[in-house]
1. Got a number for residues in segment 13-45 being of a type in the set (A, V, I, L, M) and in contact with a Lys or Arg (Cβ under 7 Å, 6 or more places away or on another chain)?
2. Please verify whether residue 53 is hydrophobic (A, V, I, L, M, F, W, C), surrounded by fewer than 19 Cβ atoms within 10 Å (Cβ to Cβ) and closer than 19 Å to residue 22 by Cα, treating the condition exactly as stated.
3. Could you say whether any residue in segment 5-19 is surrounded by fewer than 18 Cβ atoms within 10 Å (Cβ to Cβ) and of a type in the set (Lys, Arg)?
4. One residue is enough: does segment 61-79 have a residue meeting the conditions outside any strand (DSSP E or B) and touching a residue at least 40 places away in the same chain (Cβ under 8 Å)?
5. Considering each residue of segment 23-45, count those that are among the small types (Gly, Ala, Ser), open to solvent by less than 20 Å² (accessible area, probe 1.4 Å) and assigned to a helix (DSSP H, G or I), and give that number.
6. I want to confirm something. Restricting to segment 65-79 and keeping residues that are at pLDDT below 90 and either of a type in the set (Val, Ile, Thr) or more than 12 Å from residue 49 (Cβ to Cβ) (or both), which single residue is most open to solvent (accessible area, probe 1.4 Å)?
Amino acid sequence: MARASHTVLVVDDQASERERISGILSGAGWRVSTAGSASEALEKARAERPAIIFMDIVMPGKDGFEVLNELKNDIRTTA
């Protein structure tokens, strides 16, 4: 069953991990968007408003927890 209206954002600084997780999710019928950095993740989350975000914790620059806090405190990405 396709979930055309549901997008999942996969965030990881390692391309192989993004591809692996994306393949699993797209095979399950999700529309998948990917980001390779914290800044790209923030940009895509604000623009695409994904239903779910799968995010690596350890990334260069901002870590996953910092990105989560920014998303929680941004009116564009809450609710």
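The values are calculated or read from the model by the stated rules, or taken from the named source; none is laboratory data. No experiment lies behind these values; they were computed from the predicted model shown. Cβ placement follows ideal geometry from the backbone for every residue including glycine, while neighbour counts extend to all protein chains displayed. When the accessible area is computed, the model is the full protein with side chains, heavy atoms only, and any ligands, DNA or RNA have been set aside. Shrake-Rupley method; radii C 1.70, N 1.55, O 1.52, S 1.80 Å.
1. Final tally of qualifying residues: 2.
2. Here the answer is no, as residue 53 does not meet what is asked.
3. The answer is no, given that none of the residues of segment 5-19 is surrounded by fewer than 18 Cβ atoms within 10 Å (Cβ to Cβ) and of a type in the set (Lys, Arg).
4. Step one: list which residues in segment 61-79 are outside any strand (DSSP E or B), which gives 61-79.
Then drop every residue that is not touching a residue at least 40 places away in the same chain (Cβ under 8 Å), which leaves 64, 67.
Checked against the condition, which is being outside any strand (DSSP E or B) and touching a residue at least 40 places away in the same chain (Cβ under 8 Å), segment 61-79 yields at least one hit.
5. So the count comes out to 3.
6. Filtering segment 65-79 for residues that are at pLDDT below 90 and either of a type in the set (Val, Ile, Thr) or more than 12 Å from residue 49 (Cβ to Cβ) (or both), the one most open to solvent (accessible area, probe 1.4 Å) comes out as 75.
Conditions (1) touching a strand residue (DSSP E or B) at 6+ places or on another chain (Cβ under 7 Å); (2) free of Cβ contacts under 8 Å to residues at least 40 places away in the same chain; (3) in a strand (DSSP E or B); (4) under 19 Å from residue 78 (Cα atoms), marked per residue:
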| site | (1), (2), (3), (4) |
| --- | --- |
| 6 | yes, no, yes, yes |
| 10 | yes, no, yes, yes |
| 13 | no, no, no, no |
| 19 | no, yes, no, no |
| 47 | no, yes, no, yes |
| 59 | no, no, no, no |
